[in-house]
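Enquirer: Quick one: the structure is below, questions incoming.
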Amino acid sequence: MRDVQSSKPSSVKLSNFQIVITSFAAVASVGLAAYQTFAPREAAQPPVNVVVTVDPQKADAIVPNETVAKSDAPKLATETVNLADGARFAAALKDGSDARYAFASLFDAQDDTFLAINPPDTEINVLVLFKGDTAQEVTALEYTPPAGVDPASMARAVDVMVLPEGELGASGRPVMSFELPQSGEARTFAIPGGEAGKGLWLRVASAAGGAKSYVGDFRILSEQVAP
């Protein structure tokens, strides 16, 4: 295990449904009363009742009782892209941390390197600018803890904000907070709504106690339509 200041780890219907259309053919009797209106008064005749019955077989032929199966709509093929590939990394704050830490090690997908947050620092703030400086939809953040590290020395949490393509308004953008796993198990955090932006701001908080804290590897995922 290399304890590098810039170290890192590894790598985030339509079901077949049936629309059942059931038509019930009403097999009913329609009573039609035909009254003899123009009968002589002195010899009034009783009314004649005519009953018309609908044949069940004929009714079914007119309004069929059947089940229609609807197939799934065609699905678009998608692929998951790691937006950290080809991205640029820098300190999000003017605190000189870019001289103390190699932020790229957080995204290099190498199991034998990871980043150590050294006291008195209790956090790191990293700016990730996507390749081409164009807006991309971020759908998830995947994190792999550093291998061979005592869980008590692992970073505890990460705050994430997707940076807009234009100017950052006074209201800012939503900040999502996730608890990082204190084990060797990777975890994927969904970005609700698939926020779109030209980059990402990550704030990684160190372990409690003021000791050296280790950060694993991140992947910034985007589910896109396959070419």
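Enquirer: So, with a 1.4 angstrom probe, what is the percent of accessible area on the stretch 91-138 that is carbon and sulfur?
Expert: On the way: 1190 of 2300 Å².
Within the stretch 91-138, the accessible surface is 52 percent carbon and sulfur.
Enquirer: As a test of reading the structure, rank 78, 144 by solvent-accessible area (1.4 Å probe, protein chains only), most first.
Expert: Solvent-accessible surface, decreasing: 78, 144.
Enquirer: What figure in square angstrom, to the nearest 10, would you give for the accessible area of residue 179 with a 1.4 Å probe?
Expert: Answer for residue 179: close to 130 Å² accessible.
Enquirer: Turning to a different aspect of this structure: Using the C-alpha atoms of the stretch 82-202, what convex hull volume per residue, in cubic angstrom, is computed?
Expert: That works out to 116 Å³ per residue.
Enquirer: While we're looking at this one, here's another question. Give me the extension gain from residue 80 to residue 131: residue separation times 0.36 nm, minus the current Cα-Cα distance, reported in nm with one decimal.
Expert: Result for the pair: 16.8 nm of gain on full extension.
Enquirer: Still on this structure, I have one more. Sorted by accessible area with a 1.4 angstrom probe, largest first, how do 202, 93 fall?
Expert: 93, 202
Enquirer: Could you compute the net charge surrounding residue 137? Neighbours are other residues with a C-beta less than 12 Å from the C-beta of residue 137; K and R count +1, D and E count -1.
Expert: -2
Enquirer: Search the structure for amide H atoms under 5 Å from the amide H of residue 198, placed 1.01 Å from N in the peptide plane, and list their residues when 5 or more places away or on another chain.
Expert: For residue 198, whose amide H was placed from the backbone, the distant partners under 5 Å are 136, 163, 165.
The values are calculated or read from the model by the stated rules, or taken from the named source; none is laboratory data. In this text, all values refer to a predicted model and were calculated from it rather than measured experimentally. When we count neighbours, we look across all protein chains shown, and the Cβ atoms used for this are built from the backbone with ideal geometry, even at glycine. The area values use the complete protein model at the heavy-atom level, side chains included, leaving out ligands, DNA and RNA. Shrake-Rupley method; radii C 1.70, N 1.55, O 1.52, S 1.80 Å.
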